[in-house]
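Below is one structure, written out as C-alpha cells; comments come after it.
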Amino acid sequence: MFEKNKLFVFGFGYTAAFLASQLNLSMWQVAGTSRRQEIRDKYLSSNICLIDYMDYAQICLNLKSVTHLLISIPPVRQVGDVVIADFSDILKELAPHLKWIGYLSTTGVYGDHDGNWVDECSMLKPDNERAILRVGAEKNWLQLGEDISVPVQIFRLSAIYGPSRNVLRQLLEGEVSCIFKAGHYFSRIQVEDIVQVLLASMNAPQMGEIYNLADDEPTPSHEVIQYAATLLKVSPPKLLSIEKAKLSPMTQEFYNSHRKVSNAKIKQSLGIKLKYPSYREGLRALLQNCVG
C-alpha cells in the first residue's frame, strides 16, 4: 500500500538524528516529534518532518502511513509512558501496516548486581524512580506489541557517547570531574553502534525481543577520562574520591549501581560487529574527526 517505509520517532533527539542520517531517504520517509522549537526549525529545509508533541492532530495525520516506530521519550511520574497514554488507540488502528516498534530504554533497569555481568535474562532490580518507570514502560510496550501482533523490540542502552557528546570535548571545555570509586565499572556505547543495532533489528524484527547495547569493555570512568587526556596531550583532572565528590542526585544513582553489561545477544542474534568495541577506538575516531 505504501511506496516508502516511514519511520516516526517520538522524541527526535541525538540517537534518532544519527539513525535518520543513515536511512536512504529515497526509500524512507522520516518524521517525529520534538518539543524544542530550535530542533524543529533545524530540519525545516530537510526531508525530515518534525512536529510539536502538543500538536495531536498533526501527529495522528503523520502516523497513518507509518511502518516503523521508535520511542525515545522517557516515562514520567503518575503517567508512565506518555506515548502509550496518548496514542495507544491510534497505534492499534495502525497495526496492519506497522512492521516494527523500537523502544529505547536503559541498562539502569538492572539496578545493582555487585559488579557482576548482566544479560537480557538477568533479574531487574531497579533502584530509583527513573529505572522503576522504565521497567513499567518496557512491560507496557511489550504488552501492546503482543496485543496488536506487532514486533516490539526493547533496546537497553548503556551510557551513550559520540560526536558532540564525549569526554574529549568535556575535557577541553573543563566540564569533567575525575571521580574514583575502587572497582566500579561502567558500560558505554558509541552512537554509531546503536544505529547499526537499530538498523539490523528493523531489517529482522522479532516479537518481544530485548537487546542490551554496550561495548565489549566495561571500564571505570576515571580510566576513560585519563585515556582521553592522554590523547589530547593534556593533564587529566585530579582524581577525586567518591566520598569527597559533590555529585548530583542523578550521578549519585549511577555510582550506587554496579554491573557489567553483556552484549553477546546483539552479536549472536543480529550479527553485530561493533565499530567501536571499546572506548579507545571510539575516542581515537572522535579525535581524528576534530573531537566531534
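Anything in region 92-104 that is out of contact with any helix residue (DSSP H, G or I) (no Cβ under 7 Å at 6 or more places or on another chain) and either closer than 19 Å to Leu133 by Cα or crowded, with 19+ Cβ neighbours inside 10 Å (or both)? List them, or say none. Reasoning before the result, please.
Of the residues in region 92-104, the ones out of contact with any helix residue (DSSP H, G or I) (no Cβ under 7 Å at 6 or more places or on another chain) are 93, 96-99.
If the condition is that a residue be out of contact with any helix residue (DSSP H, G or I) (no Cβ under 7 Å at 6 or more places or on another chain) and either closer than 19 Å to Leu133 by Cα or crowded, with 19+ Cβ neighbours inside 10 Å (or both), then Leu98 is the only one that fits.
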What are the residue pairs meeting all of these: first residue in region 66-80, first residue touching a residue at least 40 places away in the same chain (Cβ under 8 Å), second residue of a type in the set (Asp, Glu) and assigned to a loop (DSSP other than H, G, I, E, B), Cβ atoms under 6 Å, and 6 or more apart or on different chains? Pro75/Asp81
Conditions (1) in contact (Cβ under 8 Å) with a residue 40 or more places away in the chain; (2) touching a strand residue (DSSP E or B) at 6+ places or on another chain (Cβ under 9 Å); (3) small (Gly, Ala, Ser): number failed by Gly183: (2)
Within region 126-141, can one find any residue that is part of a loop (DSSP other than H, G, I, E, B) and either loosely packed, with under 15 Cβ neighbours inside 10 Å or in contact (Cβ under 8 Å) with a residue 60 or more places away in the chain (or both)? yes
Regarding region 272-285, can at least one residue be identified that is on the phi < 0 side of the Ramachandran plot, of a type in the set (S, T, N, Q) and either modelled with pLDDT under 95 or not in a loop (DSSP other than H, G, I, E, B) (or both)? no
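Go through the residues of region 21-42 one by one and say whether even a single one is assigned to a helix (DSSP H, G or I), of a type in the set (Gly, Ala, Ser), at pLDDT below 95 and over 29 Å from Leu133 (Cβ atoms).
Checked against the condition, which is being assigned to a helix (DSSP H, G or I), of a type in the set (Gly, Ala, Ser), at pLDDT below 95 and over 29 Å from Leu133 (Cβ atoms), region 21-42 yields at least one hit.
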Going by what's in this entry, would Ile189 be described as assigned to a strand (DSSP E or B), in contact with an Asp or Glu (Cβ under 9 Å, 6 or more places away or on another chain) and either of a type in the set (D, E, K, R) or crowded, with 21+ Cβ neighbours inside 10 Å (or both)? yes
For region 72-87, check the following and say yes or no: at least one residue is surrounded by fewer than 19 Cβ atoms within 10 Å (Cβ to Cβ), touching a helix residue (DSSP H, G or I) at 6+ places or on another chain (Cβ under 7 Å) and at positive phi. yes
Just give me the residues in region 151-174 being touching a Lys or Arg at 6+ places or on another chain (Cβ under 8 Å) and free of Cβ contacts under 8 Å to residues at least 60 places away in the same chain, in sequence order. Pro151, Ala159
Count, please, the residues in region 142-182 that happen to be within 22 Å of the chain's Cα centre (by Cα), of a type in the set (Ser, Thr, Tyr) and closer than 20 Å to Pro220 by Cβ. 2
Restricting the first residue to region 83-97 and requiring it to be in contact (Cβ under 8 Å) with a residue 40 or more places away in the chain, which pairs with a second residue that is in a helix (DSSP H, G or I) and of a type in the set (S, T, N, Q) meet a Cβ separation below 6 Å and a spacing of at least six or different chains? Ile84/Asn140
If you scan region 217-250, which residues turn out to be more than 25 Å from the chain's Cα centre (by Cα) and closer than 14 Å to Tyr185 by Cβ? Ile242
Suppose the filter is touching a Lys or Arg at 6+ places or on another chain (Cβ under 7 Å), in contact (Cβ under 8 Å) with a residue 24 or more places away in the chain and either among the small types (Gly, Ala, Ser) or buried (at least 21 other Cβ atoms within 10 Å of the Cβ) (or both); does Gly108 pass it? yes
Hits in region 228-249 - residues which are in contact (Cβ under 8 Å) with a residue 12 or more places away in the chain and out of contact with any strand residue (DSSP E or B) (no Cβ under 9 Å at 6 or more places or on another chain): Ala228, Leu231, Leu232, Val234
Among the residues of region 100-113, write down those that are at negative phi, touching a Pro at 6+ places or on another chain (Cβ under 6 Å) and either at pLDDT below 95 or not in a helix (DSSP H, G or I) (or both). Trp100
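The values are calculated or read from the model by the stated rules, or taken from the named source; none is laboratory data. Owing to the predicted nature of the structure, the values given are computational and were not obtained by experimental measurement. Neighbour counts run over all protein chains shown; Cβ positions are idealised from the backbone, glycine included.
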